[in-house]
Amino acid sequence: ARAPGISFASVSAEGIDRINILRASLEAMRRALCALPMRPLLALADGRDVPPGLPCEGRALVKGDQRSQSIAAASIVAKVMRDRMMACCAERNERYGFHGHAGYATERHRAAIEIHGPAPRLHRMSFSPFRVEAEIVALV
């Protein structure tokens, strides 16, 4: 309620497959920072890496959500936004059961993937089980 500004960004499943999950996470952090309504003086990143191309100084903090209230707050915003995105996915892709597991690899979710295959534009093809299947096909 007292934050001077909040922003969020994401990278598509195709983008993650193209550049890898770490680089996609760093790119989403950069995009979110650039979309803030004010120019920040310092960006704190949870982990070992500072996103490249920031409009300000950046510092990485391992276990940052335990060491910084700002990072902890950003983690909550990210979780809420992910939950909202998954709720939209649940409406569009009812057969995958996202309303009950929010995309985590539960038994029901894996069974839906087995029956229906990957959801277009949603599942990362570089991530198991699809990556494993692609490697098997490539070996044959």
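Give me the 1.4 Å probe accessible area per residue for the chain, excluding ligands and nucleic acids, in Å².
With all protein chains present, the chain gives 71 Å² per residue.
Out of residues 5 or more away from Ala45 or on other chains, whose amide H comes under 5 Å of its own, with H placed 1.01 Å from N in the peptide plane?
Amide H neighbours of Ala45, under 5 Å, 5+ apart: Arg59, Ala60, Leu61.
When the Debye formula is applied to the Cα atoms of segment 1-72, each taken as the same point scatterer, what base-10 log of I(q)/I(0) results at q = 0.13, 0.15, 0.21, 0.26 Å⁻¹?
-0.38, -0.51, -0.96, -1.29
Report, to the nearest whole %, how much of the accessible area of the chain belongs to carbon and sulfur atoms, 1.4 Å probe, protein only.
Summing carbon and sulfur atoms, their accessible area is 57 percent of the total for the chain.
Determine the dipole magnitude for the chain: charges of +1 sit on the beta-carbon of Lys and Arg, -1 on that of Asp and Glu, nothing else is charged, the reference point is the Cα centre, and the result goes in debye to the nearest 20.
Numbers: 20 positive and 14 negative charges, 88 e Å.
With only Lys, Arg, Asp and Glu charged at Cβ, the dipole is about 420 debye.
Output the DSSP H helices from the chain with an along-axis C-alpha extent of no less than 27 Å and a mean Kyte-Doolittle hydropathy no less than -0.5.
69-92
Once R0 is set to 30 Å, what does the formula 1/(1 + (r/R0)^6) return for the Cβ-Cβ distance between Ala60 and Ile115, expressed as a FRET efficiency to the nearest 0.05?
It comes to 0.15.
Give me the number: length gained by fully extending Ala73 to Glu107, i.e. 0.36 nm times residue separation minus the C-alpha to C-alpha distance, one decimal in nm.
This chain segment gains 9.1 nm when fully extended.
Taking the alpha-carbon set of the chain, what are its Rg and Dmax in Å?
My reading of the Cα-based Rg and Dmax gives 17.4, 57 Å.
Grab the other residues whose beta carbon is less than 14 angstrom from that of Cys88, score K and R as +1, D and E as -1, and report the net.
+1
Please compute the contact order of the chain in relative form: average sequence separation of alpha-carbon pairs under 8 Å and at least six residues apart, divided by the residue count, as a percent.
Rounded, it is 18 percent for the chain.
The values are calculated or read from the model by the stated rules, or taken from the named source; none is laboratory data. In this text, all values refer to a predicted model and were calculated from it rather than measured experimentally. Cβ: placed from backbone, ideal geometry, glycine included. Neighbour counts: every protein chain shown. Please note that ligands, DNA and RNA were not included when accessible areas were found on the heavy atoms of the full protein model with its side chains. Shrake-Rupley method; radii C 1.70, N 1.55, O 1.52, S 1.80 Å.
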